[in-house]
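Reading through the structure tokens given below for one structure.
The values are calculated or read from the model by the stated rules, or taken from the named source; none is laboratory data. All values reported here derive from a predicted model rather than from experimental measurement. Virtual Cβ from ideal backbone geometry, glycine too; neighbours counted across all protein chains shown. For accessibility, only protein heavy atoms count, side chains too; no ligands or nucleic acids. Shrake-Rupley method; radii C 1.70, N 1.55, O 1.52, S 1.80 Å.
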Amino acid sequence: MNRTEMFSRVKSREKLWDFIVIGGGATGIGCALDAASRGFDVLLLEQSDFGKGTSSRSTKLAHGGVRYLAQGNLSLVREALKERAILLKNAPHLVKIQSFIVPVYNFQDKIFYGSGLKIYNLLSGKYGFGKSKILSKDETVKNLPNINQKNLRGGIVYFDGQFDDARLLINLAQTAAAQGATLLNYAGVFEISKNNAGKIDGVSFQDAESGAVFEAKAKVVINAGGAFCDSIRKMSAAKSEKIIAPSQGIHLVFDKKFLPGENALMIPKTADGRVLFAIPWHDKTLIGTTDTPIEKIELEPKPLETEIEFILETVKNYLTNAPRRADITSVFAGIRPLVKNSKTKNTANLSRDHTIEIDEANLLTITGGKWTTYRAMAEDAVNQAIKLAGLSAADCQTENLKIHGAAENSEQSGDLAIYGSDAENIRKLISENSDLEKNLHEKFSYKIAEIVWMIRNEMPQTIEDVLARRTRALFLDAHSAIEIAPKIAEIMAGELGKDSDWIAVQIREFNDLARNYIVE
Ligand SMILES: Cc1cc2nc3c(=O)[nH]c(=O)nc-3n(C[C@H](O)[C@H](O)[C@H](O)COP(=O)(O)OP(=O)(O)OC[C@H]3O[C@@H](n4cnc5c(N)ncnc54)[C@H](O)[C@@H]3O)c2cc1C
């Protein structure tokens, strides 16, 4: 993907696009991929970087959702379990089967969670990832060496999917581009245009780099703005009522030593009646999440002090060597685009099913849902958009469409495994110039060649794009990410032809942002 080339396609476009998709998160890029792979002409516009919103800030689980099972939402669980398996099949380089252990401290819990997880297995049917099993106390301790053993009665092991959300998103964007879609980051939509009949016929957007404003016309417009979708709905119908009840969730990242071994820990009932996960992620321990109703929807949501304390206090009861505040290497927050329900005030009880709304001007809004179900959501939205715009019917192709980088046995590539089939191209860069093999920082495994590869192929425009979403440095260890920022800026400036003023501004802006990921 090359932004200059994508932009020139937009500028030279004379025909209508079939689809314009607003929003470059999992939902929007999923829709762009679905429509492009059915043969439609697609333009996707993202106001910031791809994945800047919620889609890089999830718990990174491709799961049916054991919590939704407890809420009795069997259809959502069954659909998500099927989608989990499709994800593993189509992106095996990014999605892996992860074992989770639920520790139990009394006999009733052993029966309750043991039978609940059996139902979870049954619901997955032919899409199962492995059978759940009851563990003795000794087996639980062997598999979770840091577990609090006081009154421990045993545990239950079950299996779900785990993935790197931002990397998957970038690979999905590349897959959509390969199917012919045009995707622009840093292109914020600020106006929707309508024809004489009052129906939507296009959008106006601003290129954040130059400040220039452009118009694009299409047969149908999809609003996939996530938690921001209400502001886009208002561009179409100024008096529309809000449908989003935003809720924030945070994650804390710690050293691997707090969760040694391969297994994840699932705490089935926190003080606020939710579940909490501790998961091995990129050689670190990721712990979350929370569910806090919020008023303000921001691209860079701020973790609340109460949320940080809540996670630290909860894990204290489950880990012998529990992490403390000073052990946090990064904290990040994301906003759930939950759809309002007039009957419930507690966002934890709101449905994770997706919602499609078509307004009087034919703006199609798709929101809610989960990362895991992005493909099914996109299929549903594109099916409805085809009817809405009177486009010729075409079948959905994504169930069997491999995602960019898909490769079996990618773990053989070691530190480059996450790139799947692209690992070979990165190794080629190194073979052409051995300087590119150098590591960027002792705390990370990233090599200069990876950064060069991303800049040339994955459309990052800022050092934040590289450190937050192409690599995950900022989300893993914010202090160390600040330390490598000057080096990243220098490599980007060389590749993109930027000057020393650009470098200085980039470093300053990144340092300001990275402070939000540090807990003092
Ligand atoms: C804390 C947390 C943990 C989660 N964990 C999981 C999990 O483990 N597994 C799972 O399956 N799901 C999980 N989810 C849910 C999942 O992350 C979300 O459902 C999904 O990422 C939403 O994607 P989206 O594309 O709808 O929204 P977003 O990713 O927020 O994308 C919307 C995009 O629209 C852009 N945009 C907005 N307005 C405009 C405009 N005017 N012009 C152009 N662009 C615009 C935004 O910049 C943004 O990038 C979690 C959610 C949260 C909050």
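Counting the residues of segment 109-142 that are under 21 Å from T285 (Cβ atoms), touching a strand residue (DSSP E or B) at 6+ places or on another chain (Cβ under 6 Å) and either in a loop (DSSP other than H, G, I, E, B) or not hydrophobic (A, V, I, L, M, F, W, C) (or both) gives 1. Segment 171-277 holds strands (runs of 3 or more DSSP E) entirely within its bounds, and those carrying 3 or more residues that are among the β-branched types (V, I, T) and surrounded by 22 or more Cβ atoms within 10 Å (Cβ to Cβ) map to 213-223. What do you reckon, is G211 more than 25 Å from the chain's Cα centre (by Cα), among the small types (G, A, S) and more than 16 Å from the ligand (Cβ to nearest atom)? No: the conditions fail for G211. Total residues in segment 444-474 satisfying the condition of being among the basic types (K, R) and either at pLDDT below 95 or within 16 Å of Y186 (Cα to Cα) (or both): the figure is 2. Would you check if F310 is touching an Asp or Glu at 6+ places or on another chain (Cβ under 8 Å), open to solvent by 10 Å² or more (accessible area, probe 1.4 Å) and among the hydrophobic types (A, V, I, L, M, F, W, C)? Judged against the criteria, F310 is a match. Of all residues in segment 444-460, those being within 12 Å of N2 (Cβ to Cβ) and in a helix (DSSP H, G or I) number 3.
Within segment 278-299, being over 20 Å from D164 (Cβ atoms) and crowded, with 16+ Cβ neighbours inside 10 Å holds for T290, D291, T292, I294, I297. In segment 24-47, of all residues being open to solvent by 10 Å² or more (accessible area, probe 1.4 Å) and within 11 Å of the ligand (Cβ to nearest atom), the one that is nearest to the chain's Cα centre (by Cα) corresponds to G25.
Among the residues of this structure, L74 counts as one that is more than 16 Å from the ligand (Cβ to nearest atom) and modelled with pLDDT under 95. Check whether at least one residue in segment 449-456 is aromatic (F, W, Y), touching a helix residue (DSSP H, G or I) at 6+ places or on another chain (Cβ under 9 Å) and closer than 23 Å to I328 by Cβ, and report yes or no. Looking for residues that are aromatic (F, W, Y), touching a helix residue (DSSP H, G or I) at 6+ places or on another chain (Cβ under 9 Å) and closer than 23 Å to I328 by Cβ, one finds none in segment 449-456, hence no. Flag: T372 matches the condition of being of a type in the set (S, T, N, Q) and open to solvent by less than 10 Å² (accessible area, probe 1.4 Å). Put simply, of F7, F50 the only residue that is surrounded by 24 or more Cβ atoms within 10 Å (Cβ to Cβ), more than 22 Å from F277 (Cβ to Cβ) and of a type outside the set (S, T, N, Q) is F50. A single member of L429, L391 is of a type in the set (A, V, I, L, M, F, W, C), in contact with a strand residue (DSSP E or B) (Cβ under 8 Å, 6 or more places away or on another chain) and open to solvent by less than 30 Å² (accessible area, probe 1.4 Å), and it is L391. Considered as a group, the residues in segment 143-170 that are part of a helix (DSSP H, G or I) and closer than 30 Å to S55 by Cβ include one that is farthest from the chain's Cα centre (by Cα), and that residue is I170. If you go through segment 282-298 and pick out every residue that is farther than 12 Å from H251 by Cα and within 11 Å of the ligand (Cβ to nearest atom), you end up with 4. The C-beta contact set for segment 414-434 (first residue of a type outside the set (V, I, T), second residue open to solvent by 40 Å² or more (accessible area, probe 1.4 Å), distance under 6 angstrom, 6+ apart or interchain) comprises D415/S445; A417/E411. In segment 333-348, of all residues being within 23 Å of Y374 (Cβ to Cβ) and open to solvent by 50 Å² or more (accessible area, probe 1.4 Å), the one that is modelled with the lowest pLDDT corresponds to N341. Here is the figure for segment 267-281: residues that are away from the ligand (no atom under 12 Å from the Cβ) and closer than 22 Å to A333 by Cβ total 7. Do you know which of the residues in segment 410-426 that are in contact with a Gly (Cβ under 7 Å, 6 or more places away or on another chain) and of a type in the set (G, A, S) is surrounded by the most Cβ atoms within 10 Å (Cβ to Cβ)? Looking at residues that are in contact with a Gly (Cβ under 7 Å, 6 or more places away or on another chain) and of a type in the set (G, A, S), I get G420. Would you point out the residue of segment 10-21, among those that are aliphatic (A, V, I, L, M) and open to solvent by 10 Å² or more (accessible area, probe 1.4 Å), that is nearest to K402 (Cα to Cα)? Of everything passing the filter in segment 10-21, V10 is nearest to K402 (Cα to Cα). Cβ-Cβ distances below 6 Å connect the following pairs, each with a first residue in segment 119-131 that is touching a residue at least 40 places away in the same chain (Cβ under 8 Å), a second residue that is not in a helix (DSSP H, G or I), and a separation of six or more residues or different chains: F129/I97; F129/F159.
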